1. Report yes if Ile124 is in contact (Cβ under 8 Å) with a residue 12 or more places away in the chain, of a type in the set (A, V, I, L, M), surrounded by 11 or more Cβ atoms within 10 Å (Cβ to Cβ) and more than 16 Å from Gly169 (Cα to Cα), otherwise no.
2. Does segment 43-70 hold any residues that are in contact with a Lys or Arg (Cβ under 6 Å, 6 or more places away or on another chain) and buried (at least 16 other Cβ atoms within 10 Å of the Cβ), and which are they?
3. If I ask for residues that are surrounded by 12 or more Cβ atoms within 10 Å (Cβ to Cβ) and over 12 Å from Lys86 (Cα atoms), which ones from segment 23-33 would you list?
4. Residue pairs, Cβ under 6 Å, 6 or more apart or interchain, first in segment 29-52 and over 25 Å from Ser126 (Cα atoms) and at pLDDT 90 or above, second among the polar types (S, T, N, Q) and assigned to a loop (DSSP other than H, G, I, E, B). List them.
Amino acid sequence: MEKWFNVGKIVNTHGVKGEVKIVSSTDFAEERYQKGNSLHLFLPNKKEPVSLIIESHRTHKNFDLLKFEGFNDINQVERFKEGILKVPEEQLQDLEEGEYYYHEIVGCKVVTVQGDEIGTIKEILSPGANDVWVVKGEKGKEHLIPYIEDVVKEIDIKKGCITIEPLEGLLS
């Protein structure tokens, strides 16, 4: 069975010539959305994905705008709204040492250097200079952990465990 990885969600159309507005969830938008690359669109209530070839990519007001080959009219892409764009596992790029895909981090357990369990990473936010990991604790409390060297001390993807040294007040 093929494994698929999200790279974006189509949230709307843009203009009348077939462009769609994407909320991107890839770290490699420039490479991923290059002309000629293929993406697979998973639509709600459809079993099979739609294969799409990128004709053009540009950014506009914090969104990625894509146009697909053979789709030149708003009426053709209107049905794509709320669809999820994915790539198969073999299209994932090799990362440098110390770099990780979001799907490798989400679901990992977080513990302190003293061995106290904080919770599990549920989501990754990318608000600015560094990512912020949303960690949900046992009692439902959420902790926001900045992905910076001063805090994140060890990442063991194989064990699904991340060790942190919380800054003062981070877990209160």
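1. yes
2. Residues satisfying the conditions are Ile54, Glu55, Phe63, Leu65.
3. Filtering segment 23-33 down to residues surrounded by 12 or more Cβ atoms within 10 Å (Cβ to Cβ) leaves 23-29, 32-33.
Correct list: Val23, Asp27, Phe28, Ala29.
4. From segment 29-52, no pairs qualify.
Every residue, every condition in (1) of a type in the set (Ser, Thr, Tyr); (2) within 17 Å of the chain's Cα centre (by Cα); (3) over 17 Å from Leu170 (Cβ atoms), yes or no:
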residue: His57; (1), (2), (3): no, no, yes
residue: Asn72; (1), (2), (3): no, no, yes
residue: Gly83; (1), (2), (3): no, yes, yes
residue: Tyr102; (1), (2), (3): yes, yes, yes
residue: Val113; (1), (2), (3): no, no, no
residue: Trp133; (1), (2), (3): no, yes, no
residue: Tyr147; (1), (2), (3): yes, yes, no
residue: Lys158; (1), (2), (3): no, no, yes
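The values are calculated or read from the model by the stated rules, or taken from the named source; none is laboratory data. Keep in mind that this is a model prediction, so the values were computed, not measured. Using ideal geometry, Cβ is built from the backbone for each residue, glycine included, and neighbour counts are taken over all protein chains shown.
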